[in-house]
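The values are calculated or read from the model by the stated rules, or taken from the named source; none is laboratory data. As the structure is a prediction and not an experimental result, all values here were calculated from the model. Cβ atoms come from the backbone with ideal geometry, glycine included; neighbour counts cover every protein chain shown.
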Amino acid sequence: MTQDAVSPRVRASLILPVYNHEERLTEVLDDIRSTLADGEFEIIVVYDVTNPEMIDSVKAEQEQLQKEYAIRPVTRVNQRGFGSALRYGFEASRGEIVIPIMADCSDDIAAIPRMLEEIRTGADIVAGSRYMPGGRIVGDTPKQQLSRLYSLFMRFISGVSCHDVSNSFKAYRRAVWENIANESNSFDISVEMTIKAAMQGYRISQVPSVWINRQAGKSQFAMLKEFRNYTRWLLYATSRAPSRFFLLIAALSIFSLIIFGTRLLHPIFRDNAS
């Protein structure tokens with residue numbers, strides 16, 4: 001279902017969700033500016049503000065970033081969720097290509113030119129993959145190990161040829177976002193978009209990328225909460241491939257052991273380290 005090839009000079013919308021304030025946002029913006037050519041992109045920063053008292057400081061930050069980096073800010077008050085923030089950002093975007101980017105320096109900005117080239121040559125979605133040859137994780141954690149297993153099981157269950165289905169760092173043709181109804185409000189929106197797009201015939205490609213675990217601030221990823229969100233897409237994929245039901249049971253069993261085992265052992269490791 002690949003659309004007509006886009007022009008050689010692509011205008012991409014880079015969407016960066018921010019929860020109140022992100023300590024390393026300017027570092028990400030510097031990386032973007034040094035990697036991509038002027039006029040090839042726009043930067044949309046979606047601020048989820050949970051405390052009304054922070055509005056003034058957020059506005060001051062936005063004005064400064066508009067002057068320095070020409071960002072287009074979008075502000076939401078008391079509305080949380082990575083997935084819903086991406087929808088807000090998409091509605092505000094103008095680009096032919098949409099790329100969600102984490103605002104904490106986790107994503108591999110240097111991979112974006114390769115992602116854009118894949119779109120230019122016919123791909124509809126390009127995943128930045130930590131788990132294909134050439135990709136890697138700096139600061140591996142149980143969460144990343146779980147992500148690796150999840151992507152492996154999803155490949156077998158759904159048949160989608162993507163080594164890193166859960167990574168939000170993907171480039172999408174605008175038509176994919178326009179034509180696929182998505183409902184996820186959290187981080188699992190990347191899985192939903194990828195699985196639904198593949199099942200509708202869109203072409204999915206991937207390039208290796210490097211993921212650097214958060215070095216500052218607090219992650220908004222809650223493992224137990226997200227377990228439920230990600231599980232529903234395994235169920236969704238299985239409903240379209242019933243013969244792989246037992247593989248799903250095995251996957252859920254392993255995920256449960258990892259998640260609950262990690263939570264039980266964490267206090268022990270913490271006490272030993274103190």
Every residue from region 158-202 that is in contact (Cβ under 8 Å) with a residue 60 or more places away in the chain, closer than 13 Å to Gly128 by Cα and among the β-branched types (Val, Ile, Thr)
Thr194
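Restricting attention to region 71-102, and to residues there that are assigned to a loop (DSSP other than H, G, I, E, B) and either of a type outside the set (A, V, I, L, M) or at pLDDT below 95 (or both), which single residue is nearest to Ser168 (Cα to Cα)? Explain how you work it out, then say what you get.
Residues of region 71-102 assigned to a loop (DSSP other than H, G, I, E, B): 71, 78-81, 93-96, 101-102.
Now restrict to residues that are either of a type outside the set (A, V, I, L, M) or at pLDDT below 95 (or both): 78-81, 93-96.
Details: Asn78: 23, Gln79: 20, Arg80: 17, Gly81: 13, Ser93: 17, Arg94: 20, Gly95: 18, Glu96: 18 Å.
This residue is Gly81.
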Looking at region 162-182, can you tell me whether even one residue there is surrounded by fewer than 23 Cβ atoms within 10 Å (Cβ to Cβ) and over 22 Å from Phe90 (Cα atoms)?
yes
Expected single match for in a strand (DSSP E or B), farther than 17 Å from Glu192 by Cβ and out of contact with any Gly (no Cβ under 8 Å at 6 or more places or on another chain) among Ile119, Ile112, Ile137 is Ile137
Which residue is surrounded by the fewest Cβ atoms within 10 Å (Cβ to Cβ), if the candidates are limited to region 11-38 and must be part of a helix (DSSP H, G or I) and of a type in the set (Asp, Glu)?
Asp30
Does Gly135 meet the test of being touching a Ser or Thr at 6+ places or on another chain (Cβ under 6 Å), modelled with pLDDT under 95 and either of a type in the set (A, V, I, L, M) or buried (at least 16 other Cβ atoms within 10 Å of the Cβ) (or both)?
no
State the number of residues belonging to region 76-90 that are surrounded by fewer than 16 Cβ atoms within 10 Å (Cβ to Cβ) and hydroxyl-bearing (Ser, Thr, Tyr).
0
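Do we have Gly89 as in contact (Cβ under 8 Å) with a residue 40 or more places away in the chain and at positive phi here?
Values: in contact (Cβ under 8 Å) with a residue 40 or more places away in the chain: yes; at positive phi: no.
Judged against the criteria, Gly89 is not a match.
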Can you tell me which condition Leu146 does not meet? The list is (1) under 17 Å from the mean Cα position of the chain (by Cα); (2) farther than 17 Å from Thr231 by Cβ; (3) modelled with pLDDT under 95, and all the others hold.
(2)
Meets criteria (modelled with pLDDT of 95 or more and either among the aromatic types (Phe, Trp, Tyr) or touching a Cys at 6+ places or on another chain (Cβ under 6 Å) (or both)) for Ala127
yes
